[in-house]
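No lab work stands behind these numbers, since they all come straight from the coordinates. Since we're looking at a predicted model, the values are computed, not measured. Cβ atoms come from the backbone with ideal geometry, glycine included; neighbour counts cover every protein chain shown.
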Amino acid sequence: MDLFGSSSDEEDETTASTPITPTRPPENGVMQFHTGTEQALLVYVTQQTKAGDSPEQILKIIDTFCEERHWMMHIGSLKVEILRDALLKRMATFTIPTPPTLIMLELGTYCGYSAIQLCSLLRTHHPTQPFLLYSLEISQQNARVARSIIDLAGFSDNVKVFVTHDVEDGLVEITKDLKPETTQFIDLLFIDHDKDSYLSDLQLIIKNSHLNSSSVVIADNVIMGRIDDYLEFVREEANKPDGLFLETHIFESTVEYCTQDIAQFGEEALQDGVEVSVFR
């Protein structure tokens with residue numbers, strides 16, 4: 001995939017297989033949420049992880065849990081190419097003789113899957129690039145799970161998770177921690193939190209001048225979540241000669257971990273997409 005035409009109740013233990021066999025209980029299927037799922041994921045990942053496992057292996061363990069035990073709302077493996085190409089798009093404009101630290105901001109940590117995925121992609125494709133990922137999460141319990149899994153993946157020195165109910169407060173804490181020379185410090189923004197807050201939080205970040213020129217903004221679940229106001233905003237700005245965004249594109253996919261549910265709901269009902277935009 002080439003972006004922009006350029007460069008909770010868990011039961012029997014099962015093992016991953018390819019193709020995926022329909023072993024997940026129906027009551028734990030797509031868009032089903034149960035108390036304790038996140039903690040059960042942490043227990044599962046901890047039990048399944050072996051010394052020396054790579055971040056990619058840990059992500060596969062999470063995928064197996066979600067495919068065979070309980071559906072969860074991670075970005076999932078199907079969209080990894082979208083993340084990769086968006087990250088490479090940003091890095092194509094970021095490279096300088098002595099690269100500074102690349103700063104990524106994630107809205108919605110959940111259990112740390114996307115944070116690990118972004119860090120792993122960056123380390124794979126730009127192994128000498130220094131980077132930090134700040135992640136804002138509303139749930140203290142989810143943040144604890146995320147920190148533990150991120151630590152297992154070996155990225156605890158690169159990822160800082162802040163618990164906050166307000167993105168503006170979180171940005172204040174990040175600024176205190178980072179002590180940037182200017183207000184513009186975000187090189188990549190990944191949005192995957194409260195679907196009703198995508199637009200307002202993006203506009204807040206823009207208003208506070210936190211996005212660097214050529215920053216890439218990635219918004220997950222924009223089709224499934226029917227986040228029409230967000231899509232209208234970024235697309236209108238991209239269509240203006242001097243708009244806030246240089247370009248924006250939708251990359252269609254399906255809801256994560258839904259292979260077993262397509263027969264029941266139909267593929268159309270499980271359509272999803274990621275909007276990737278480049279700030280001017």
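A P(r) calculated from all alpha carbon pairs of region 20-146, with 5 Å bins opening at zero, reads 2, 9, 18, 21, 19, 14, 8, 5, 2, 1, 0 percent. Taking label positions 7 Å along the Cα-Cβ direction at both ALA269 and ASN208, the computed distance is 4.0 nm, reported to one decimal. Calculated FRET efficiency, ALA92 to ASP228, Cβ-Cβ distance, R0 = 22 Å: about 0.15 to the nearest 0.05. Classify region 111-156 as rounded, prolate or oblate, taking a ≥ b ≥ c as the square roots of the eigenvalues of its Cα gyration tensor: rounded when a/c is under 1.5, otherwise prolate if a/b is larger than b/c and oblate if not. Since a/c reaches 1.5 and a/b is larger than b/c, the shape of region 111-156 is classed as prolate. In the chain, the calculated helix contribution to ellipticity at 222 nm averages -11500 deg cm²/dmol per residue, counting -39,500 (n - 2.57) for every DSSP H run with n ≥ 4. When each of the peptides 241-252, 56-67 is scored by the mean number of other C-beta atoms lying within 10 Å of its residues, the order from highest to lowest reads 56-67, 241-252.
Taking θ as phi - 60° and the Karplus parameters 6.51, -1.76 and 1.60, the scalar couplings of region 202-212 work out to 4, 5, 5, 5, 5, 4, 7, 6, 8, 8, 6 Hz in sequence order, x denoting glycine and proline. Backbone amide hydrogens, once placed in the peptide plane, bring PHE131 within less than 5 Å of LEU102, excluding anything fewer than 5 places away on its chain.
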